[in-house]
Amino acid sequence: MQDQQRFEYQGRTRKEIGTSWDPERLKLPHLPAIFDRIANRKAFDNPVNLTSQFSTAAQVPQGIIVSPHAQDASFITPEGMYIEDLPIKFPQTDYRIPQIIWDSYGDLLKREIELERMINPHLDDQYIYLTIQQSIVKKDDTHRPSGVHIDGFQKASIIPQPVQHQMSICNMLPTKFYAAPLTGNPAQMQKKEIFNALAQACQGITPYRPPAYTLHLLNAYCPHEPDTAPADGFRTFIRFSASSIPFMGQDNTRNDLFTYNWDAQTKRDFYKSITKPGL
C-alpha cells in the first residue's frame, strides 16, 4: 500500500468522528489514525500489581475524580491487570477512575482524555469505557478473541447514533487492520452476514499493524483482528471506547464509583427509546 493511500484511509477514519452511523461507509476502506507515541512504557512492559506506581501523573486534572475503592484488588490477576469495558464516564458526569488504575496508567489516561475532548463533539452525552488486559500470550495463540470484526455495529432498527470510536494501544503483537471495503448492500444484510463478508474481503490483503506503543484511533468502519503470537510474550492491550449506546453486558467490569444497574428491563427501555418509530 502506498503512503498516500494509507493517509487517505486514516484521514477518513478521523473525519468521521462525530458523524452518525451509516453502514454504506463500510464500502469504503478505512485504517486507524496514529495519534501519539507513549514514552512511559513501564506499565506496559511489567505486570501491574496492588502496589504498582508506574504513572508520573501526580496531579489529577479538573473533570477527573480518582478514588480508591474496595473493588480495586479485583482488577488484578496473577498476570497483571484485567478490566473489560469498565465505565469511567457516563453522560453528563465527570470521569471517575479507580485509584489502582490511575496509579499505573494516569499518564496515558490524561492524554486519552485530552484527545477525546479535542475530537469528540458528543463527549458530554456519551459513555466512556476502559479495557486493560495484561497476560502472557502463548506461541500460536491470540491475546484477544480471534476473527475479523468491527466494534460498534448498529442495527438497522435503531435511530442512527454517533459512530462509536476507540483509541487503542499495546506493547507488542499489534492488531491487524485491513483496508478492505465491504462488497454488497449492507442495508440488506444482517450483522453476521456483514462480518462474514468483511472477513472474506480481508483475505489476501496485507494487513496494516500500528507500531507498538502508539495510540491509534479506529471507528466502527475499521475491520480488524488480533494477530497470532510467533513466540511467547507478555502483552498489555488498552482500549478507550466512546459510545452513545451503553455497553450492558453482564460480563463487563463494574465501576462501583458510579451507581447503575443494567437489568433486563433497563436494557429494553433504553433500546425502545432509540428504536425507529413503527418498529
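What follows draws every value from the coordinates through simple rules; no lab data is involved. All figures in this text were calculated on a predicted structure; none of them were measured in a lab. Virtual Cβ from ideal backbone geometry, glycine too; neighbours counted across all protein chains shown.
Determine the alpha carbon to alpha carbon distance for each of Lys27/Lys267; Lys191/Lys272; Lys89/Lys267 and list only those over 22 Å. Walk me through the numbers before you get to the answer.
Working: Lys27/Lys267 31 Å; Lys191/Lys272 19 Å; Lys89/Lys267 18 Å.
Listed pairs above 22 Å: Lys27/Lys267.
Over 10 Å intervals from 0, what percent of Cα-Cα pairs in segment 88-212 sits in each interval?
Here the calculated profile for segment 88-212 is 9, 31, 35, 22, 3.
As a footprinting exposure proxy, order Arg254, Arg239 by other Cβ within 10 Å, with the fewest listed first. It would help to have the intermediate numbers written out before the result.
Details: Arg254 15, Arg239 20.
Neighbour counts put them in this order, fewest first: Arg254, Arg239.
Counting only residues 5 or more places away or on other chains, whose amide H sits under 5 Å from the amide H of Ile97 once H atoms are built in the peptide plane?
The answer is Ile65, Val66, Ser67.
GNM on the chain, C-alpha springs below 10 Å: top fluctuator among Pro121, Pro174, Pro61?
With Cα springs under 10 Å in the chain, the top fluctuation among Pro121, Pro174, Pro61 is at Pro61.
Hey, with R₀ at 35 Å, roughly what FRET efficiency would Thr51 and Gln200 work out to, going by the Cβ-Cβ distance, to 0.05? Before the final figure, lay out each step's value.
Details: r = 48 Å, r/R0 = 1.38.
Efficiency, from the Cβ-Cβ distance: 0.15.
Give the shape of segment 1-74 as rounded, prolate or oblate, defined through the alpha-carbon gyration tensor: a ≥ b ≥ c are the square roots of its eigenvalues, a/c under 1.5 means rounded, and otherwise the shape is prolate if a/b is larger than b/c and oblate if not.
On the way: a/c = 2.75, a/b = 2.03, b/c = 1.36.
The shape class here is prolate.
Using unit Cβ charges (K, R positive; D, E negative) and no other charged atoms, how large, in debye to the nearest 20, is the dipole of the chain about its Cα centre?
Charge dipole of the chain: 520 debye, to the nearest 20.
With an 8 Å Cα cut-off and a minimum separation of 6 or more residues, compute the relative contact order for the chain in percent. Write out the running numbers ahead of the final one.
Numbers: 545 pairs, mean separation 81.4, N = 279.
Once divided by the residue count of the chain, the mean separation gives 29 percent.
Just want the ordering: Ile132, Ile38, from fewest to most Cβ atoms lying within 10 Å of their own Cβ. Walk me through the numbers before you get to the answer.
On the way: Ile132 23, Ile38 17.
Exposure proxy ranking, most exposed first: Ile38, Ile132.
At 222 nm, what helix-only mean residue ellipticity would the chain give, in deg cm²/dmol to the nearest 500, using -39500 (n - 2.57) for each DSSP H run of four or more? Present the calculation step by step, with values, prior to reporting the outcome.
Numbers: 5 runs with 60 residues, N = 279.
Here the helix-only value at 222 nm equals -6500 deg cm²/dmol.
Based only on other Cβ atoms within 10 Å, what is the fewest-to-most ordering of Met118, Met172?
On the way: Met118 10, Met172 17.
Ascending Cβ contact count within 10 Å gives the list Met118, Met172.
Going toward the positive end of the dipole of segment 3-273, with +1 on Lys and Arg Cβ and -1 on Asp and Glu Cβ, which of Ile65, Pro160, Thr228 do you reach last?
The residue sitting most towards the positive pole is Pro160.
How many angstrom lie between the Cα centre of segment 143-175 and the Cα centre of segment 209-241?
The distance from the Cα centre of segment 143-175 to that of segment 209-241 comes to 11 Å.
Mind listing the long-range amide H neighbours of Gln126? Cut-off is under 5 Å, sequence gap 5 or more, other chains count too, H placed in the peptide plane at 1.01 Å from N.
Under 5 Å from the amide H of Gln126: Gln92.
Mean-square fluctuation check for the chain, GNM, Cα pairs under 10 Å: which of Pro145, Pro98, Pro47 is largest?
Pro145
Rounded, prolate or oblate: which fits the chain when a ≥ b ≥ c are the square roots of the eigenvalues of the alpha-carbon gyration tensor, with rounded for a/c under 1.5 and prolate only if a/b beats b/c?
Working: a/c = 1.63, a/b = 1.17, b/c = 1.39.
Taking the square roots of the gyration eigenvalues as a ≥ b ≥ c, the chain is oblate.
Under a GNM of the chain (C-alpha, springs under 10 Å), which listed residue has the highest mean-square fluctuation: Trp262, Trp21, Trp102?
Ranking Trp262, Trp21, Trp102 by mean-square fluctuation puts Trp262 first.
Using mean Cβ contacts within 10 Å as the protection proxy, how do 150-158, 202-210 order, highest first?
Numbers: 150-158: 16.4, 202-210: 14.8.
The peptides rank, most packed first, as 150-158, 202-210.
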